[in-house]
Amino acid sequence: MARWMDLRHTYNLPGKLLFSCIGVVCIALGTTICRVGDVGVDPFTAMNLGLSALAGVDFGTFQLLVNLVILVAVFALDRFQIGLGTLINMVAVGYLIEFFTWVFGLLPWQPSGLASAGIHLVVGTLLFTLGVSLYLKTRMGVAPIDAVAPVIVARTRFSYTPVRMAQDILVTAVAVFAGGPIGVFTVVAAFMTGPLITAWNRLATLHLYRRFHVLDREELAAEKG
C-alpha cells in the first residue's frame, strides 16, 4: 500500500520542489499578465478576487483561506491528492499575483487597445499553461480546487469531464455575481487549456525532467504509457 507524503523515498525531492515552485511562479505570472491586460483571469482566481473585494480582505490572504477550507475537505476524503506541491500552490499563487500586479502597476506604460489585449492573452495563456505543466508533472500533489473533481468522481458514477465542467461553471457563476474579472481568458482557462498543457508536456516539460533527472524511470515510463 502506498504511503502518503513519503518524502524520504521521493526521487529527487529538491528537483521536484524546485520545478513545482517554477511552475507556480509561471502560473501566477501568466494569470497576472491576463489580469493587467484586461482579458480576465481563471475562474477560481476571478471568484476570489471578487469575493475578497466584497469582504474587504486582501486577495492573497482570502485565496489562502479559501484554499484551506477546500484542503480540509479534500484531506478528509482523499489525502493522496495532497502533497508538498499542493501547499506551495495554495500559499504562493495568490500572493504572487498580488506582487506581480503591483510590479506591473509601476511600469511607465499601461496596456490599452485590442492588439495589446491580444498579446497579453497569448503570452499569459502560454505562461499559465507552461506553469500548470511544470507543476503537475512533478507529481507532488494538485491545487486544492483541482482535487475536488477527482474526489467527486471517485465517490460517484460520474465521469471527470462533466464534473470538472460543472465545477468550473459554478465557480465562474460565483465570480460573475461577485464582480470578479471575467474575460476571454476565463473561458480559455476553464475549457481550452488542456491541449496546450499536453503540448508543453511533450515539447518541454518531460524533456526538462528527463535532462535534470526530476522523474525516475518508473515515473517517466508512466508518462509514456
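Return yes or no: is T129 in a helix (DSSP H, G or I) and hydroxyl-bearing (S, T, Y)?
So T129 passes the test.
Is region 168-179 home to any residue that is outside any helix (DSSP H, G or I) and over 17 Å from I33 (Cβ atoms)?
Yes - at least one qualifying residue is present in region 168-179.
Just wondering, is there one or more residues in region 19-35 that are of a type in the set (F, W, Y) and over 17 Å from K137 (Cα atoms)?
No, that holds for no residue.
Name the residues in region 74-83 that are among the aliphatic types (A, V, I, L, M), in contact (Cβ under 8 Å) with a residue 60 or more places away in the chain and open to solvent by 40 Å² or more (accessible area, probe 1.4 Å), would you?
Of everything in region 74-83, just one residue is among the aliphatic types (A, V, I, L, M), in contact (Cβ under 8 Å) with a residue 60 or more places away in the chain and open to solvent by 40 Å² or more (accessible area, probe 1.4 Å), namely L77.
Can you spot a residue in region 65-78 that is under 23 Å from F177 (Cβ atoms), under 14 Å from the mean Cα position of the chain (by Cα) and in a helix (DSSP H, G or I)?
Yes - at least one qualifying residue is present in region 65-78.
Out of everything in region 200-214 that is in contact (Cβ under 8 Å) with a residue 40 or more places away in the chain and part of a helix (DSSP H, G or I), what residue ends up being surrounded by the fewest Cβ atoms within 10 Å (Cβ to Cβ)?
Among residues in region 200-214 that are in contact (Cβ under 8 Å) with a residue 40 or more places away in the chain and part of a helix (DSSP H, G or I), the one surrounded by the fewest Cβ atoms within 10 Å (Cβ to Cβ) is A204.
For (1) closer than 22 Å to A175 by Cβ; (2) not β-branched (V, I, T), each residue gets a yes or a no:
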position	(1), (2)
N67	yes, yes
E98	yes, yes
T101	yes, no
P108	no, yes
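The values are calculated or read from the model by the stated rules, or taken from the named source; none is laboratory data. Just so it is clear, the structure is predicted and the values come from calculations on it, not from any experiment. Neighbour counts run over all protein chains shown; Cβ positions are idealised from the backbone, glycine included. Side chains included, ligands, DNA and RNA excluded: accessible areas come from the protein's heavy atoms. Shrake-Rupley method; radii C 1.70, N 1.55, O 1.52, S 1.80 Å.
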